[in-house]
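The values are calculated or read from the model by the stated rules, or taken from the named source; none is laboratory data. Predicted model, so just to flag it, every value in this text is computed and none were measured. As a convention, Cβ positions derive from the backbone with ideal geometry for all residues, glycine included, and neighbour counts pool all protein chains shown. Each accessible area value is taken on the protein alone, full model and side chains, heavy atoms only, with ligands, DNA and RNA left out. Shrake-Rupley method; radii C 1.70, N 1.55, O 1.52, S 1.80 Å.
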Amino acid sequence: MSILVNRNTRVICQGFTGKQGTFHSEAALAYGTKLVGGVTPGRGGQQHLGLPVFDTVREAVRATGATASMIYVPAAGAADSILEAVDAGIELAVCITEGVPVNDMVRVRAVLAGSATRLVGPNCPGVITPEECKIGIMPGFIHKKGSVGIVSRSGTLTYEAVFQTTHIGLGQSTCVGIGGDPVRGMNFVDVLELFQRDPRTEGIILVGEIGGSDEEAAAHYIRRFVAKPVVAYVAGVTAPAGKRMGHAGAIVAGGKGTAADKYAAFEAAGVRTVKSPAELGTAMNELLRQRRSRARRGAPARAPATRPASAGAKALKAARPARRAVAGPKSRPAAARRFPARKAARTPQGPTQGRRR
């Protein structure tokens, strides 16, 4: 299994005949993606890269049975292209376009809330299931089919995590670059839920960055629902407050969204954190080896077994001895309960009375 896409996913390209659409469609075809056509308004009925061109997404879906779309449309028209894909019943839309206006994405998010379409992006590297399907701009040659699910806000750091897990021999189940814009489609929790249900995914690498609260929400979800080992890295530790770093959403404002806060949330959830992206692969390999070792011994292969106790649990444990000390013994010996001692009559005694001479 895989999440979102596989070798049977039928894909179309919006902006098919443009420069970027052409280049990345050729790369997708070379990788083995089942690209079945594309959309460029006004060029319907033509052929491009040996595939049919349609005027609308609805026509393309009707003719090809496509369920996924990759969008290489300029920023001014990207939101309308996403909405057209939603209206045509596309199950997965992956928008690569950078610089989509935030107001446009607010309108898109409102429509997505009432639809069955999943959106990845915009301003994202895309989605890839190694050796099966590639939608986006990721370099396919660094990917290898394996057991690690990768989800990231950063495109470049996605490739870094991919290269390390490939080099170390783990490979990837699916890689999802969700993008770094402040308003976007799928978030960390959406992808973590899919990875948790995917039997091929044994471990998860999560790459976050400063700005927003998606990482804190992911940590809360991991604590409650994710039983697989997770390694997390947060980019932007040294970023000055108020400065945008790379992505439109990577900005610390109002004292919120700092890397320190995000690291604290992950560590409280029992997530293995690293302070350098160069450690992602080795940390994941170590956790998976521990998990597999426990499985061979017959111990439960659960992530919570390696997680520290919560603050509440620690406080409760620390409080128990104090309560026992205050309360004293819970009961007297059984004989004392059956034969209670009679109270002796209190009589005044002098200093020497009652002493053994």
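Worth pointing out:
- Hits in region 137-160 (condition: assigned to a helix (DSSP H, G or I), over 17 Å from His247 (Cβ atoms) and of a type in the set (Gly, Ala, Ser)): Gly140
- Condition check for Ile210: at pLDDT below 95, open to solvent by less than 30 Å² (accessible area, probe 1.4 Å) and under 30 Å from His167 (Cβ atoms): yes
- Some residue of region 21-41 being under 22 Å from Val111 (Cα atoms) and assigned to a strand (DSSP E or B): yes
- Qualifying positions in region 1-44 - in contact with a helix residue (DSSP H, G or I) (Cβ under 8 Å, 6 or more places away or on another chain), open to solvent by less than 40 Å² (accessible area, probe 1.4 Å) and farther than 18 Å from Gly65 by Cα: Ile3, Gly15, Ala27
- Of the residues making up region 45-58, just one is open to solvent by 40 Å² or more (accessible area, probe 1.4 Å) and closer than 23 Å to Pro125 by Cβ, namely Leu49.
- Test for Val191: is it assigned to a strand (DSSP E or B) and at pLDDT 95 or above: no
- Comparison of Ala79, Ala93, Ala85 shows that the only residue that is open to solvent by less than 60 Å² (accessible area, probe 1.4 Å), within 15 Å of Ala68 (Cα to Cα) and assigned to a helix (DSSP H, G or I) is Ala85.
- If you go through region 165-180 and keep only what is surrounded by fewer than 24 Cβ atoms within 10 Å (Cβ to Cβ) and part of a loop (DSSP other than H, G, I, E, B), you end up with Ile168, Gly169, Leu170, Gly171.
- Residue within region 240-259 that is at pLDDT 80 or above and surrounded by fewer than 16 Cβ atoms within 10 Å (Cβ to Cβ) present: no
- Enumeration of residues in region 183-207 that are hydrophobic (A, V, I, L, M, F, W, C), touching a helix residue (DSSP H, G or I) at 6+ places or on another chain (Cβ under 8 Å), open to solvent by less than 10 Å² (accessible area, probe 1.4 Å) and under 15 Å from Lys228 (Cβ atoms): Phe188, Leu192, Ile204, Ile205, Leu206
- Output for region 109-126, where each listed residue is part of a helix (DSSP H, G or I) and without any contact (Cβ under 8 Å) to a residue 40 or more places away in the chain: Ala110, Val111
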